[in-house]
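The values are calculated or read from the model by the stated rules, or taken from the named source; none is laboratory data. As the structure is a computational prediction, the values presented were derived from the model and not from experiment. Quick reminder, even Gly has a Cβ in these numbers, built from the backbone with ideal geometry, and neighbours come from all protein chains shown. Surface accessibility is based on the protein's heavy atoms, side chains included, excluding ligands, DNA and RNA. Shrake-Rupley method; radii C 1.70, N 1.55, O 1.52, S 1.80 Å.
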Amino acid sequence: MLGPVFDAHLHIIDPAFPLIENHGFLPDPYTVSNYLYDVDGLGITGGAVVSGSFQGTDQTYLLAALKTLGRGWVGVTQIDPECSDEDIVALNDAGVRGMRFNLKRGETDVQMLTTQARRVHELVGWHAELYVDASLLLSLEPILAKLPAVSIDHLGLSTQGLPYLLDLVDRGVRVKATGFGRVDLDIIDTLQQIHRVNPAALMFGTDLPGTRAPRPFSETDIDIISHAVGGDLPAVLDGNARAWYRVS
């Protein structure tokens, strides 16, 4: 058994709450019970439940999941631009700690991204989580420079943008060591390069249930991370993300 481990990226898909078909795709159910069964034995004591594109700006599923999971678990959500300050504060009080923007599927207006990300950071300290192919990072530089706190999903997905990703890491951007079945890159080399630039940058996550991924999470993914970061494995599996998500 590993432990303690903080799973910095997972999805809960509960059909009891609203789901939105996305590009013709509607995910299979994946409840809190399904998740806890799949990670039994990994030593996971907390994590971040991340809203997917198929959940839109619905918060009901997320609040229910966080209530069920309990202490040590936080949320990453998507909000309507018209969401009030009071609503955002209430979400923060319920454990939400970040806001996700989906640039991979072209669903996010970059001007809105800037406005919303700066607003929630100023109001409650949330960071912005970007689902984006690293090849787009250079073109997004004027936007990213205006954001106070950012993390990038799934190692940035591709080798093409790795130099841009490493530059951002050098400026404090965090990177999720997640979704290895989604990426088009040398995983160990990429992990090593990110870790070399900033040992605090990498945050492990299972990305369960791995919707639309050619290969979902496997326990061997932890072996890959261990090989890449050596003695810093406890920080990558737990400490880095706990600090980033402000979980004691």
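Some observations on this one:
- Taking 7 Å steps out from each Cα toward its Cβ at ARG71 and HIS227 produces label points 3.8 nm apart.
- Cα gyration tensor shape for region 190-248, rounded if a/c is under 1.5, else prolate or oblate: oblate
- Heavy-atom accessible area for LYS176, with the other protein chains in place and a 1.4 Å probe, reaches approximately 0 Å².
- With contacts taken as Cα pairs under 8 Å at a separation of at least 6 residues, the chain carries a relative contact order of 18 percent.
- Based on C-alpha pairs under 8 angstrom that are at least 6 apart in sequence, region 118-227 has a relative contact order of 22 percent.
- Cα-based shape type of region 120-201, given that a ≥ b ≥ c are square roots of the gyration tensor eigenvalues and the cut on a/c is 1.5: prolate
- In the complete set of protein chains, residue-level accessible area for TYR35 is approximately 0 Å², probe 1.4 angstrom.
- Environment charge of TYR30, counting only residues whose C-beta is closer than 14 Å and scoring Lys/Arg +1, Asp/Glu -1: -4
- Segment ALA90-LEU2, length gained on full extension (0.36 nm per residue, minus Cα span): 28.3 nm
- Shown for region 94-248: the carbon plus sulfur share of the solvent-accessible area, taken with all protein chains present and a 1.4 angstrom probe, equals 51%.
- Annotation: extensible slack from THR45 through GLU122 equals 24.8 nm (criterion: 0.36 nm per residue apart, minus Cα-Cα distance).
- Proximal charge balance of PHE217 [Cβ under 13 Å; K/R count +1, D/E count -1]: -3
- The amide H of VAL74, built 1.01 Å from its N in the peptide plane, has GLY47, ALA48, VAL49 as neighbours under 5 Å, considering only residues 5 or more places off or on other chains.
- Rounded to 5, the percent of DSSP beta bridges in region 1-138 classed as antiparallel: 10
- On a per residue basis, the chain carries 42 Å² of accessible surface, using protein heavy atoms and a 1.4 Å probe.
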